[in-house]
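Some notes on the structure that comes next.
The values are calculated or read from the model by the stated rules, or taken from the named source; none is laboratory data. In this text the structure is predicted, and so the values were computed from the model without any measurement. Here Cβ is always computed from backbone atoms with ideal geometry, including for glycine, and neighbour counts include all displayed protein chains.
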Amino acid sequence: MSRHSDQTIASLRLGAQLAQSYLQQIHSRHVAPKPEALTELRALDCELPMNPTAPTETLSLLDRAGNPATVATTGGRFFGLVVGGSLPATVGSRVLNAAWDQLATTQDTSPVALQLERTSARWLLELLRLPARSSVGYVTGTTMGNFTCLAAARQRQLHKLDWDVEQHGLFGAPPLRIVASEEIHVTVTKVVSMLGLGKRNIISVETDSNGAMRLDKLPQLGPDCIVLTQAGNVNSGAIDPIGAIAERAHSADAWVHVDGAFGLWARVSPDHNGLTQGIEMADSWVTDAHKWLNTPYDCGVAICRHPSAVHSAMSTVAPYFTADTDVAPKDMVPELSRSARAMDVWAALHSLGTIGVQDLIKTGCRHAKLAAQGLQSMGFEILNDVILNQVVVSSPTQPHRLNELAESVRRSGEAWFGVTHWKQRDAFRLSFSSWATTDDDVARLLAAIRHAAQELELI
């Protein structure tokens, strides 16, 4: 065996051993790092070694100094930021992915990466009940998914106005109007800016009490419009009336995009897919696999009804496209160099199956309702209609002290969640997205909140 293979296998064995030890302790450790763990991070801030270090020594240092300073997002008691933990099959697929080290650019650079992309794309479109001929691109997350789809929207809408943006840029181009919810996610605003469409060109549409766009407040639409909708308001989980919006938009030749970072997965659950009625009528959709599908970070998905528009906006070759063309992934997303991200999606979907994905979504929604009922019984106020996996919570008497409450729970090590400001109210937000969360974890969360609230005299 070569020296290269010896070192790699020794590192793999040690890495697996250290990872196994970490996962075995994940349910008993503090969710947030202890203060002393942050101090130990200084060991990683060393001078760059002059000479090579044994790979096993490097891994040992990483584990010794870094392990205690991790936030236990892959456990069952992290309730912030709509974060899921890595499914068992995806932990293994990520190890294989690193060992294979595939460049998912073309058929020549990695036949297996392309097969995994094609198959998982078909599975996703079937599960989400979206048009079968849509393009599916694997990107770092919803931010770049939005970038990909909105670049396609920009190309197609400007083409309708007799402007080739790929050839001529935006100087002198007809202006486009961006119609979006007043609760548009900050990353979508960022993408609008990155694409040169201009934040000032965003027309904000009023939302209802649960954060869904009001259909009666839509402006007059036309081919100069891109309508940005949400499937899953990041605070409340609300879903815009996308089917009705799409009907109105398409009658005016406007484009409809769906930011479905987590809420698009409601399509999979028989108990919740009614919330997404008509969503298949949109032109493009994005979602994160690393949220409710529980793949490791980072993995987002950009889906578009009009593959030719994506190809025109993203291609590194001549902008041709036919429905029967087997297009290289590099020509359908921003990155040329890219990992085999679809491998984790394939592993997640294959290991769970349709019923497993349905159960994953159903359980998250059930936990959200369980938490909302428990918090309401303590005297907290639930600000949103708990229709998915999001719960927005406030104090009727001392909302200004909710940050203290969240900090107290984090210090206890029992759970992690963040604060928010929604509908002119200070609140904290709970997200139930992890396959690892159990009823017992929800009970521990509620007990920790009760204890902290009693100490702070909030209840």
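The set of residues in segment 292-314 that are surrounded by fewer than 24 Cβ atoms within 10 Å (Cβ to Cβ) and polar (S, T, N, Q) comprises SER308, SER312. Of all the residues in segment 157-183, those that are exposed (fewer than 15 other Cβ atoms within 10 Å of the Cβ), over 32 Å from the mean Cα position of the chain (by Cα) and of a type in the set (Gly, Ala, Ser) number 1.
For segment 334-358, the tally of residues that are outside the structural domain of VAL317 (by TED's automatic domain parsing) and modelled with pLDDT under 95 stands at 0.
Across segment 345-384, the number of residues qualifying as free of Cβ contacts under 8 Å to residues at least 40 places away in the same chain and among the basic types (Lys, Arg) comes to 2. In segment 426-451, of all residues being out of contact with any Asp or Glu (no Cβ under 8 Å at 6 or more places or on another chain) and among the small types (Gly, Ala, Ser), the one that is surrounded by the fewest Cβ atoms within 10 Å (Cβ to Cβ) corresponds to ALA443. Filtering segment 191-224 to residues that are hydrophobic (A, V, I, L, M, F, W, C) and in a loop (DSSP other than H, G, I, E, B) leaves LEU195, LEU197, ALA212, LEU218, LEU221.
Looking only at residues in segment 94-105 that are farther than 20 Å from ALA72 by Cα and not aliphatic (A, V, I, L, M), the one that is nearest to the chain's Cα centre (by Cα) is ASN97. Summed over segment 255-291, the residues that are crowded, with 24+ Cβ neighbours inside 10 Å and part of a loop (DSSP other than H, G, I, E, B) give a count of 8.
Look at segment 53-68: where a residue is closer than 24 Å to GLY413 by Cα and a partner is assigned to a loop (DSSP other than H, G, I, E, B), sitting 6+ places away or on another chain with Cβ atoms under 8 Å, you get PRO68/PRO33; PRO68/LYS34. Taking the criterion of being buried (at least 17 other Cβ atoms within 10 Å of the Cβ) and touching a residue at least 40 places away in the same chain (Cβ under 8 Å), the residues of segment 392-401 that qualify are VAL392, SER395.
So that you can scan it fast, the table gives a plain yes or no per residue for (1) within 20 Å of VAL286 (Cβ to Cβ); (2) surrounded by fewer than 17 Cβ atoms within 10 Å (Cβ to Cβ):
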residue: MET194; (1), (2): yes, yes
residue: ARG200; (1), (2): no, yes
residue: LEU215; (1), (2): no, yes
residue: VAL227; (1), (2): yes, no
residue: ALA231; (1), (2): yes, no
residue: GLY237; (1), (2): yes, no
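Residues in segment 202-213 that are crowded, with 16+ Cβ neighbours inside 10 Å and either under 16 Å from SER284 (Cβ atoms) or touching a residue at least 60 places away in the same chain (Cβ under 8 Å) (or both): 2 in all. Would you be able to say whether some residue in segment 426-444 is closer than 27 Å to VAL186 by Cβ and in contact with a Pro (Cβ under 8 Å, 6 or more places away or on another chain)? Yes. Scanning segment 377-412 for residues that are among the small types (Gly, Ala, Ser) and in contact with a Pro (Cβ under 9 Å, 6 or more places away or on another chain) returns a single hit, GLY379.
Taking every residue in segment 108-128 that is under 23 Å from ILE279 (Cα atoms) and aromatic (Phe, Trp, Tyr) and pairing it with any residue that is part of a helix (DSSP H, G or I) and modelled with pLDDT of 95 or more, at least 6 positions away or on another chain, the pairs with Cβ-Cβ distances below 6 Å are TRP123/LEU349.
Of the residues making up segment 78-94, those that are touching a Gly at 6+ places or on another chain (Cβ under 8 Å) and either without any contact (Cβ under 8 Å) to a residue 12 or more places away in the chain or surrounded by fewer than 17 Cβ atoms within 10 Å (Cβ to Cβ) (or both) number 1. Consider ALA261 carefully, then state whether it is in contact with a Pro (Cβ under 9 Å, 6 or more places away or on another chain) and closer than 30 Å to GLY84 by Cα. Taking the combined requirement at face value, the residue does not satisfy it. Is it fair to say THR109 is touching a Gly at 6+ places or on another chain (Cβ under 7 Å) and more than 15 Å from SER315 (Cα to Cα)? For THR109, the condition - touching a Gly at 6+ places or on another chain (Cβ under 7 Å) and more than 15 Å from SER315 (Cα to Cα) - is not met.
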